[in-house]
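Engineer: First the structure, which I've put down as structure tokens, then a few questions once you've had a look.
The values are calculated or read from the model by the stated rules, or taken from the named source; none is laboratory data. The structure displayed is predicted, hence computed values, not measured ones. Virtual Cβ from ideal backbone geometry, glycine too; neighbours counted across all protein chains shown.
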Amino acid sequence: ISDTAVIADNVSIGPLAVIGDRVEIGPQSQIGAGCIIESHARLGSQCYLHGRVTISRGVEIGNRCIFHSGVVIGSDGFGLIEHDGHWVKVPQIGTVIVGDDVEIGANTTVDRGALDDTIIEQGCKLDNLIQVAHNVRIGANTAIAACVGIAGSAIIGRNCKIGGAAVVLGHLQIADNVMVTAMSLVTNDIKRSGVYSSGTPLMENSLWHKANVRYKSLDSLARKVIKLDKQFG
């Protein structure tokens, strides 16, 4: 525990935890075994970090947050540019801001912003094994199921529900009160509340192969229909 860390009353810190320089931890918080809280990070009151959680430098966490084992908040975002045939790392100088009453499941990762901050607003609930990329903003009281991937700079509205294994592409915006069902791929902005789906439903393997062959023929079939419509319509 750094001599410059500010730790409030009634805080418990488990064995092998590391508390960096100028870290602030609010009253009645619990830090599990093997947690790492890096320099200048701030943790509110009544938070509970299960074992082996990592809070990176400068991250700000609200009150009454629960982070399960293996959560990493504030790792570098996937920022690269291609130069002379190889990749060059772009410094990620933003941070992560997490609101009050947020719960994040095991082994979920939230990357720090490149320039602006990655923000998870109050009351959000994130399941296990979710990837939140740099500069993402997740609106208040949104719930996200396991294995979801959210690409950089996506904005998800308030009171949304994202089903398991869905993917949200980068720089998209999702309105408030949207439900995205499991396995969906969000490729465009969602501007109105409602339920949206794009996943392929399960079917017998032999039927799936037949359907896949026919799917490849849809364009030529559509052209034939248009031609027939012009002739006989």
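Engineer: How about segment 169-191: which of its residues are more than 18 Å from Ala133 (Cα to Cα) and loosely packed, with under 13 Cβ neighbours inside 10 Å?
Structural biologist: Of everything in segment 169-191, just one residue is more than 18 Å from Ala133 (Cα to Cα) and loosely packed, with under 13 Cβ neighbours inside 10 Å, namely Lys191.
Engineer: Please enumerate the residues belonging to segment 144-168 that are out of contact with any strand residue (DSSP E or B) (no Cβ under 6 Å at 6 or more places or on another chain) and hydrophobic (A, V, I, L, M, F, W, C).
Structural biologist: Across segment 144-168, the qualifying residues are Ala145, Ala146, Cys147, Ala151, Ala165.
Engineer: Moving on. Can you tell me which of Glu204, Glu121 is of a type in the set (D, E, K, R) and crowded, with 18+ Cβ neighbours inside 10 Å?
Structural biologist: Glu121
Listed here are the residues, each with its yes/no results for (1) outside any loop (DSSP other than H, G, I, E, B); (2) within 30 Å of Thr4 (Cα to Cα); (3) in contact (Cβ under 8 Å) with a residue 24 or more places away in the chain.
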{"site": "His40", "(1), (2), (3)": "no, yes, no"}
{"site": "Arg57", "(1), (2), (3)": "no, yes, yes"}
{"site": "Gly70", "(1), (2), (3)": "no, yes, yes"}
{"site": "Glu82", "(1), (2), (3)": "yes, no, no"}
{"site": "Pro91", "(1), (2), (3)": "no, yes, no"}
{"site": "Asn107", "(1), (2), (3)": "no, yes, yes"}
{"site": "Ala114", "(1), (2), (3)": "no, yes, yes"}
{"site": "Leu129", "(1), (2), (3)": "no, no, yes"}
{"site": "His134", "(1), (2), (3)": "no, yes, yes"}
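Engineer: Please specify each residue of segment 197-212 satisfying the condition of being more than 27 Å from Val180 (Cβ to Cβ) and modelled with pLDDT of 95 or more.
Structural biologist: Across segment 197-212, the qualifying residue is only Ser206.
Engineer: Name the residue that is surrounded by the most Cβ atoms within 10 Å (Cβ to Cβ), counting only residues in segment 12-31 that are over 17 Å from Val102 (Cα atoms) and touching a residue at least 24 places away in the same chain (Cβ under 8 Å).
Structural biologist: My answer is Gly20.
Engineer: Within segment 147-201, can you find the residues that are β-branched (Val, Ile, Thr) and outside any loop (DSSP other than H, G, I, E, B)?
Structural biologist: Start the filter on segment 147-201 by keeping residues that are β-branched (Val, Ile, Thr), which leaves 148, 150, 155-156, 162, 167-168, 174, 178, 180-181, 186-187, 190, 195, 200.
Passing the criteria: Ile150, Ile155, Ile156, Ile162, Val167, Val168, Ile174, Val178, Val180, Val186, Ile190, Val195.
Engineer: Please find, among Gln131, Gln122, Gln173, the residue that is in the same structural domain as His50 (by TED's automatic domain parsing) and more than 24 Å from Tyr48 (Cα to Cα).
Structural biologist: From the options Gln131, Gln122, Gln173, the qualifying one is Gln173.
Engineer: Please tell me if Ala140 is surrounded by 16 or more Cβ atoms within 10 Å (Cβ to Cβ) and either of a type in the set (Val, Ile, Thr) or in contact with a Ser or Thr (Cβ under 9 Å, 6 or more places away or on another chain) (or both). Please lay out each step first, then the result.
Structural biologist: On the way: surrounded by 16 or more Cβ atoms within 10 Å (Cβ to Cβ): yes; either of a type in the set (Val, Ile, Thr) or in contact with a Ser or Thr (Cβ under 9 Å, 6 or more places away or on another chain) (or both): no.
Against the criterion (surrounded by 16 or more Cβ atoms within 10 Å (Cβ to Cβ) and either of a type in the set (Val, Ile, Thr) or in contact with a Ser or Thr (Cβ under 9 Å, 6 or more places away or on another chain) (or both)), Ala140 does not qualify.
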